[in-house]
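Here's the structure we're looking at; comments come further down.
The values are calculated or read from the model by the stated rules, or taken from the named source; none is laboratory data. This is a predicted model, so every value here is computed, not measured. Here the Cβ positions follow ideal geometry from the backbone for every residue, glycine too, while neighbour counts run over all protein chains shown. Accessible surface areas use protein heavy atoms only, side chains included; no ligands, DNA or RNA. Shrake-Rupley method; radii C 1.70, N 1.55, O 1.52, S 1.80 Å.
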Amino acid sequence: MQRVPFFEQDIARTPIIKLKLRSGNNEIYIKRDDMIPFSFGGNKARKAAEFYREIAGTPTDVIVTYGSNSSNHCRIIANMAYAMGIGCHVISPEENRTILYNTKLVEQFGATIEICPVTEVSATIDRRLEAYRKAGKHPYFIMGGGHGNPGTEAYVKAYREILAYEQEEQFVFDYIFHASGTGATQAGLVCGKLLESRNADQEQGAGNKNRIVGISIARPAERGREVVKDSIREYLGEKFEELYREDELTFPDDYRCGGYGNYDEAVSKTIAYMMAEEGIPMDTTYVGKAFTGMLKYLEDKNIQNSKLLFIHTGGTPLFFDRLEKQGEAE
Ligand SMILES: *Cc1c(COP(=O)(O)O)cnc(C)c1O
């Protein structure tokens with residue numbers, strides 16, 4: 001296995017920038033995790049860095065993971081595996097086989113792709129891991145979307161970056177918004193807040209007050225919350241009972257536009273605006289949808305006089321997929 005210098009260092013703090021755009025008298029800041037300098041960045045790059053730590057120095061010679069044709073996670077993991085000089089095997093559901101930029105990149109990184117019906121993903125993973133082991137290989141399995149404790153840890157660290165920024169700038173964000181999918185990003189932010197508030201309480205009785213809002217991009221609230229909560233429980237372990245509070249978990253599902261991958265006119269408008277006015281690319285599946293959802297949420301909840309932070313979680317190749325489609329439509 002080769003060492004990859006990028007992953008050997010800590011992820012440098014990603015920039016936090018104040019937007020021109022305001023919503024009423026709310027000020028909006030954006031944290032550019034899309035600018036993490038590996039394979040177009042994004043939250044999957046941040047998570048991959050934690051998986052790298054788990055894998056480096058082990059006899060792992062192939063990473064097995066799963067994700068769809070549009071998966072940012074699969075792009076990053078396939079790129080990381082290539083750079084490490086080890087194999088990558090991607091299991092992918094058969095429904096949507098449109099070739100997107102992420103699909104092409106995964107292929108270019110030499111990953112083997114195995115297509116199967118969605119209902120058989122988990123059996124296929126088991127079979128594949130078993131087959132590798134029988135062949136004397138050392139597979140390492142990563143859940144779809146980089147779920148699991150390393151993925152959660154990545155956003156505990158991101159939360160600490162935000163805290164450091166707040167301390168330097170001498171203010172606290174009232175809200176932190178982001179696109180919530182499999183839930184590890186949100187679980188990490190919430191765990192970061194719970195752990196850091198506890199430290200602050202012990203030191204000087206001042207907890208951190210920001211509310212973390214994960215805008216659901218696909219899952220209905222009930223199921224989505226359950227998954228985020230499970231990740232929080234798994235990460236906090238025995239501290240869970242002491243630290244967790246139900247009202248720390250905000251997961252509105254009113255801005256899903258009917259489900260994963262769907263979007264509406266408002267999302268398209270936001271994306272065009274953000275690129276033209278702020279120079280920031282956003283995709284329709286995650287970031288553009290969640291950012292649009294945030295703007296509606298502010299109105300729906302009549303939020304005023306607040307400082308908001310939106311975390312840009314990446315997905316840049318998907319921005320170009322849409323751009324290409326637009327060209328065809330004209
Ligand atoms: C995967 C992804 C998300 C969702 O992150 P989770 O940790 O799965 O909730 C958000 N934005 C982008 C661009 C993603 O690729």
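One residue stands out among those in region 273-301 that are more than 13 Å from the ligand (Cβ to nearest atom) and of a type in the set (Ser, Thr, Tyr): the one that is surrounded by the most Cβ atoms within 10 Å (Cβ to Cβ), which is THR292.
May I ask you to verify whether TYR165 is hydroxyl-bearing (Ser, Thr, Tyr) and either surrounded by 19 or more Cβ atoms within 10 Å (Cβ to Cβ) or touching an Asp or Glu at 6+ places or on another chain (Cβ under 6 Å) (or both)?
Working: hydroxyl-bearing (Ser, Thr, Tyr): yes; either surrounded by 19 or more Cβ atoms within 10 Å (Cβ to Cβ) or touching an Asp or Glu at 6+ places or on another chain (Cβ under 6 Å) (or both): no.
No; evaluated as a whole, the condition is false for this residue.
All conditions but one from (1) outside any loop (DSSP other than H, G, I, E, B); (2) within 21 Å of PHE291 (Cβ to Cβ); (3) open to solvent by 40 Å² or more (accessible area, probe 1.4 Å); (4) of a type outside the set (Asp, Glu) apply to PHE40; the one that does not is (1). When LYS209, LYS269, LYS229 are screened for being open to solvent by 20 Å² or more (accessible area, probe 1.4 Å), closer than 21 Å to ILE311 by Cα and modelled with pLDDT under 95, only LYS209 passes.
Residues that are among the charged types (D, E, K, R) and more than 17 Å from ARG97 (Cα to Cα) were ranked within region 113-130; the one that is surrounded by the most Cβ atoms within 10 Å (Cβ to Cβ) is ARG128. Checking the stated criteria, ASN96 turns out not to satisfy the condition of being more than 18 Å from LYS137 (Cα to Cα), more than 12 Å from the ligand (Cβ to nearest atom), open to solvent by 20 Å² or more (accessible area, probe 1.4 Å) and part of a helix (DSSP H, G or I). Considering each of PHE310, PHE320 in turn, give the residue that is surrounded by fewer than 19 Cβ atoms within 10 Å (Cβ to Cβ), in contact (Cβ under 8 Å) with a residue 12 or more places away in the chain and more than 10 Å from the ligand (Cβ to nearest atom). Result: PHE320 is the single residue among PHE310, PHE320 that is surrounded by fewer than 19 Cβ atoms within 10 Å (Cβ to Cβ), in contact (Cβ under 8 Å) with a residue 12 or more places away in the chain and more than 10 Å from the ligand (Cβ to nearest atom). With respect to being surrounded by fewer than 20 Cβ atoms within 10 Å (Cβ to Cβ) and either in contact with a helix residue (DSSP H, G or I) (Cβ under 6 Å, 6 or more places away or on another chain) or outside any helix (DSSP H, G or I) (or both), VAL156 falls outside the description. Checked across region 45-59, the condition of being under 30 Å from ASN305 (Cα atoms), touching a residue at least 60 places away in the same chain (Cβ under 8 Å) and not hydrophobic (A, V, I, L, M, F, W, C) holds for no residue.
Here PRO15 fulfils each of the conditions (1) more than 28 Å from TYR260 (Cβ to Cβ); (2) out of contact with any helix residue (DSSP H, G or I) (no Cβ under 8 Å at 6 or more places or on another chain) apart from (2). Pairing each residue of region 128-155 that is in contact (Cβ under 8 Å) with a residue 60 or more places away in the chain and near the ligand (Cβ under 9 Å from one of its atoms) with any residue that is open to solvent by 20 Å² or more (accessible area, probe 1.4 Å) and among the small types (Gly, Ala, Ser), provided the two are 6+ apart or on different chains, yields C-beta distances under 8 Å for GLY145/GLY181. Residues in region 71-84: is at least one away from the ligand (no atom under 16 Å from the Cβ) and open to solvent by 60 Å² or more (accessible area, probe 1.4 Å)? The answer is yes, given that some residue of region 71-84 is away from the ligand (no atom under 16 Å from the Cβ) and open to solvent by 60 Å² or more (accessible area, probe 1.4 Å).
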